[in-house]
Amino acid sequence: MLYLNEKDLLKIGLHWNETVDAIESAVHCLEKKDFSQPIKPYLRYRDLTNRIIALIAFVGGKINLAGIKWIASFPGNIDRGLPRAHSVVILNEADTGVPVATINTALLSIVRTASVSGLMIRYFLKTRPQKNAKVAIMGWGPIGRHHYQMVVDLMKDQIGQIALFDLRGIDPATITGPAKDRTVVAKSWQEAYADADIFITCTVSKAPYVDAKPKAGSLQLNCSLRDYKTSILDHTKAIIVDDWEEVCREKTDIEMMHLDRGLQEKDTKSIVDVVCHDAMASYPKDEPILFNPMGMAVFDVATGRYYLDKAKSLGIGLELE
Ligand SMILES: NC(=O)c1ccc[n+]([C@@H]2O[C@H](COP(=O)([O-])OP(=O)(O)OC[C@H]3O[C@@H](n4cnc5c(N)ncnc54)[C@H](O)[C@@H]3O)[C@@H](O)[C@H]2O)c1
């Protein structure tokens, strides 16, 4: 069994177009029903703001692995100087169940999450090409920072400006890379939101706060899932989810839209519709699109396959008995 840690993944590097490709190939497995993925259980005890989630899946095609991600989220950790999330992934050979890899780092999950957003951006750019796009990222934790890297790498010169906002403030020294000079720190979410062509939530907001009209034709990536008030439905009907059954629970914005505004699965499109059935092109060009990803185990397994193959070909990682 190959053991990989964060340093190993960093040696392999963050190659966003490649990890987005890995997610895209998993979406084709979803389309072909060549996967299995039970609803993920949430383990909670004592302080109910904490959770540990087990994400389990088999993905066929060229990925052909089963696996589990065991990911703990303790929002108070940040005040203890610890990361909010800790995660371990175990991958099993699809045909024998033999464990082939253990990947002990939340970075895998972070890369998977930003790559799913990257896939949405890839399809958004196909149907709505951008010039001097304004991008906004809310929350400057690991998820926000990696979204920044991903979006800069995928969009390059199509970006005019990136606005960042975090309730804790943002140290300018933490902003690095080729889009540094095009990056500004906003004073409020509203300042960044009003004219954002791509608005990305990566917060741990306790309550939804986005209550204004999004820019016409924009892409809203609701990565942190609990940021939009249900009034967003007054401004768009273009709602996309990764998996309705997963995302319509746990007090997500989608569950609130379901309970308060009667949003049903049939009113939404899925990530499969986007990739395999050109769903983004079916919306009027000026209608904002809101994507809500609960996070799917199949995408963790696909990202795990990517890093396992890379590690083997580069001779990275530790073989365990
Ligand atoms: N949908 C998915 O697949 C998926 C996967 C992984 C993580 N996530 C979510 O992404 C979010 C961020 O993860 P992280 O590891 O970076 O968390 P983190 O706690 O390390 O960082 C979150 C940051 O958001 C800031 N913040 C909190 N409320 C805010 C607000 N209202 N406006 C602006 N900033 C605010 C905090 O100050 C903090 O710096 C979490 O909610 C997590 O659950 C989603």
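Suppose the chain between ARG182 and SER25 were pulled fully straight at 0.36 nm per residue; how much longer would it get relative to their current alpha carbon spacing?
That pair, ARG182 and SER25, stretches by 53.3 nm at full extension.
For the range 116-292, divide the Cα radius of gyration by the Kirkwood radius and give the resulting Rg/Rh value with two decimals.
Value, to two decimals: 0.94.
Scale the Cα Rg of the chain by the rule-of-thumb value 2.2 N^0.38 Å and send over the ratio, two decimals.
For the chain, the normalised Cα radius of gyration is 0.95.
Towards the positive end of the charge dipole of the chain, with charges on Cβ (+1 Lys, Arg; -1 Asp, Glu), say which of ILE170, ALA72, PRO214 has the farthest Cα.
Result: ILE170.
Between MET138, GLY60, GLY304, whose Cα lies farthest towards the positive end of the dipole of the chain when Lys and Arg beta carbons carry +1 and Asp and Glu beta carbons carry -1, centred on the Cα centre?
Farthest towards the positive pole: MET138.
Would you mind getting me the FRET efficiency between LYS266 and ASN5? Use the beta-carbon distance for r and R0 = 35 Å, nearest 0.05.
Computed FRET efficiency for LYS266 and ASN5: 0.20.
Assign unit charges at the C-beta atoms only (+1 for Lys and Arg, -1 for Asp and Glu), then state the dipole size of the range 116-292 relative to its Cα centre in Debye, rounded to the nearest 20.
Its charge dipole is roughly 480 debye.
Looking only at Cα atoms, what is the convex hull volume of the range 47-127 per residue, in Å³?
128
Could you tell me whether the range 218-321 comes out rounded, prolate or oblate from its Cα gyration tensor? Rule is a ≥ b ≥ c as square roots of the eigenvalues, rounded for a/c under 1.5, then prolate if a/b exceeds b/c, otherwise oblate.
The shape class here is prolate.
Where a Cα-Cα gap under 18 Å defines reach, which lysines qualify for LYS312, not counting those fewer than 8 residues away within the same chain?
Of all the lysines, those that pass the test against LYS312 - Cα under 18 Å, at least 8 places apart if same chain - are LYS7, LYS11, LYS62.
So between GLU321 and VAL88, what do we pick up on full extension, going 0.36 nm a residue minus the alpha carbon distance?
Full extension of this stretch gives 82.1 nm more.
Charges only on Cβ, +1 for Lys and Arg, -1 for Asp and Glu: so what's the dipole of the chain about the Cα centre, in debye to the nearest 20?
Charge dipole, the chain, about its Cα centre: 520 debye, nearest 20.
Report in % the part of the accessible area of the chain that belongs to carbon and sulfur, leaving out ligands and nucleic acids; probe 1.4 Å.
Ligands and nucleic acids excluded, carbon and sulfur reach 54 percent.
Filter LYS40/LYS266; LYS180/LYS285; LYS187/LYS213; LYS32/LYS126 down to the pairs with a C-alpha to C-alpha distance above 25 Å, please.
From the list (LYS40/LYS266; LYS180/LYS285; LYS187/LYS213; LYS32/LYS126), the Cα-Cα distance tops 25 Å for LYS180/LYS285.
Starting from the Cα-Cα distance between LYS237 and HIS277, subtract it from 0.36 nm times their residue separation and give me the gain in nm to one decimal.
12.6 nm
Can you give me the angle between helix 142-155 and the longest principal axis of the chain, using Cα atoms only, in degrees from 0 to 90, rounded to the nearest 10?
The two axes meet at around 80 degrees.
Report the one residue of LEU263, ALA194, VAL98 whose Cα lies farthest in the direction of the positive end of the charge dipole of the chain (charges on C-beta: Lys and Arg +1, Asp and Glu -1; origin at the Cα centre).
The residue sitting farthest along the positive end of the dipole is ALA194.
So which trypsin sites (Lys or Arg not before Pro) in the range 174-245 are both in a DSSP loop and have at most 11 other Cβ atoms within 10 Å of their Cβ?
Passing sites in the range 174-245 are LYS187, LYS206.
What is the distance in Å between the Cα centres of the range 127-178 and the range 192-221?
Centre-to-centre (Cα) distance: 13 Å.
The values are calculated or read from the model by the stated rules, or taken from the named source; none is laboratory data. As the structure is a computational prediction, the values presented were derived from the model and not from experiment. Note that each Cβ is placed from the backbone with ideal geometry, even for glycine, and that neighbours are counted across all protein chains shown. For the accessible areas, the whole protein counts, side chains as well, though only heavy atoms, and no ligand, DNA or RNA atoms are used. Shrake-Rupley method; radii C 1.70, N 1.55, O 1.52, S 1.80 Å.
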